[in-house]
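What follows is calculated from the coordinates using simple rules that are stated; it is not laboratory data. Every value quoted in this text rests on a predicted model; they were computed, and no experiment measured them. Positions of Cβ are backbone-derived with ideal geometry, glycine not excepted, and every protein chain shown enters the neighbour counts.
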Amino acid sequence: MEKKDLRIVYMGTPEFAVESLRCLVEGGYNIVGVITMPDKPVGRHGSVLQPSPVKQYAVEHGLKVLQPERLKDEAFVEELRALQADLQIVVAFRMLPEIVWNMPPMGTFNLHASLLPQYRGAAPINWAVINGDVETGITTFFLKHEIDTGEIIQQVRVPIADTDNVGIVHDKLMKLGGKLVLETVDNILTGNVHSIPQEQLLQGDEALRPAPKIFKDTCRIDWNQPLKRIYDFIRGLSPYPAAWSELKQADGTKTIMKIYDTEKLFLEHSYPIGTICSDGKTYFKVAVKDGYLSLKELQLAGKKRLRIEEFLRGYKINTPLTVE
């Protein structure tokens, strides 16, 4: 079969999924349908409907778009079946029922932003950085019943620098993911696929690390952790959804503070954990058990995101100032 004759249905929603779809379209593949989330209500009263990044790209390129509320809905299943896809590709979408993933004769494969079987779940990129990993990657695998557990087709390993935040790693994986999706499709088309069970990739008694969905409470900083763990936690949530803490003034007033960029200073001190030390001009650092975390970019509730020098020009420090 020629690639122009291979009928592909593509499923995805966020920006991460646009790159793989773009690579398929520009590579001349036959995308017969794009499945994405329903438009999201935004604005003060939810009166404006915002299409997903994948829908925006699909519409701009004249692709057929389906936006089911429920993936088991009979009308949607029939409409999907009518597309007569040979292969389905899933990138950053949602869990599929068997009636959907088992439909095409060549199967359904998923692009996942980790080196499976590690970091199964909704936020693999965040958790790899939060945990201080020095390497992550991308995986294509065939779908089966349990989420993120199907047989692996291909993987690409990617280093994580100590200064990388989750936004940087996201963009690296997104670009490489587009290329890996194309390679995977080509290998499926030529019958050059030798998928392997995920369990075969575990080293001895290596423990599986999960990647659960991240909520607001997940993002609160625990200043009692070692300096390196706090540093990794913040970069693993930057720029989105952002780690946060409460900045407490001398009078007891508290303000939510999001932190985006920091630097580690391994220096001995005698300050209580959470104490802010600052010259009011160039530095603003938090005392932790094994040094200081120097804050480089932050945002107070209701204010703009600022580099620390800009922030200090407009912020009056009343000591003692702490975080908690």
Net length gained if the chain between Arg220 and Val156 were fully extended (0.36 nm per residue, minus Cα distance): 19.9 nm
Cα→Cβ-extended label distance, 7 Å offset, between Gln84 and Glu15, nm: 3.9 nm
Span from the the stretch 113-152 Cα centroid across to the the stretch 171-247 one, whole angstrom: 6 Å
Listed residues Pro41, Pro272, Pro105, most fluctuating in the chain (Gaussian network, C-alpha, under 10 Å): Pro41
Reach of Lys281 by Cα under 30 Å, taken over lysines that are not fewer than 8 positions away in the same chain: Lys228, Lys248, Lys254, Lys258, Lys264, Lys289, Lys296, Lys303, Lys304, Lys316
Inter-label distance for Asn318 and Asp205, nm, one decimal - labels placed 7 Å from Cα along Cα-to-Cβ: 5.6 nm
Kirkwood hydrodynamic radius of the stretch 238-324, Cα pairs, Å: 13.1 Å
Spatial separation of Cα centroids for the stretch 260-324 and the stretch 1-37, in angstrom: 46 Å
Cβ-based charge dipole, the stretch 3-201, positive-most Cα from Leu176, His45, Asn192: His45
Length added when fully stretched, Gln56-Thr282, from 0.36 nm per residue minus Cα-Cα: 77.1 nm
Stretch gain in nm, segment Glu309-Lys179, where the contour uses 0.36 nm per residue and the Cα spacing is subtracted: 42.8 nm
Over the stretch 154-209, volume per residue of the alpha carbon convex hull, in Å³: 104 Å³
Leading residue at positive end of dipole, the chain (Cβ point charges), from Ser294, Thr319, Asn102: Thr319
At most 12 other Cβ within 10 Å, DSSP loop - GluC sites (Glu not before Pro), the stretch 2-51: Glu2
Residue-count net charge about Glu324 - beta-carbon cut-off 12 Å; Lys, Arg +1, Asp, Glu -1: +1
Principal axes of the chain: Cα extent on each, largest first, Å: 71, 54, 31
Rounded to the nearest 20 debye, dipole of the chain from Cβ charges on Lys, Arg, Asp, Glu: 1180 debye
Of Ser20, Ile147, Asn126, farthest towards positive along the dipole that unit charges on Lys, Arg, Asp, Glu beta carbons give the chain: Asn126
Efficiency of FRET between Ile99 and Val134 - r from beta-carbon atoms, R0 45 angstrom, step 0.05: 0.65
Local electrostatic count, Gly252, Cβ distance below 15 Å [Lys/Arg +1, Asp/Glu -1]: -1
Summed residue charge, Cβ within 15 Å of Lys40's Cβ, Lys/Arg positive, Asp/Glu negative: 0
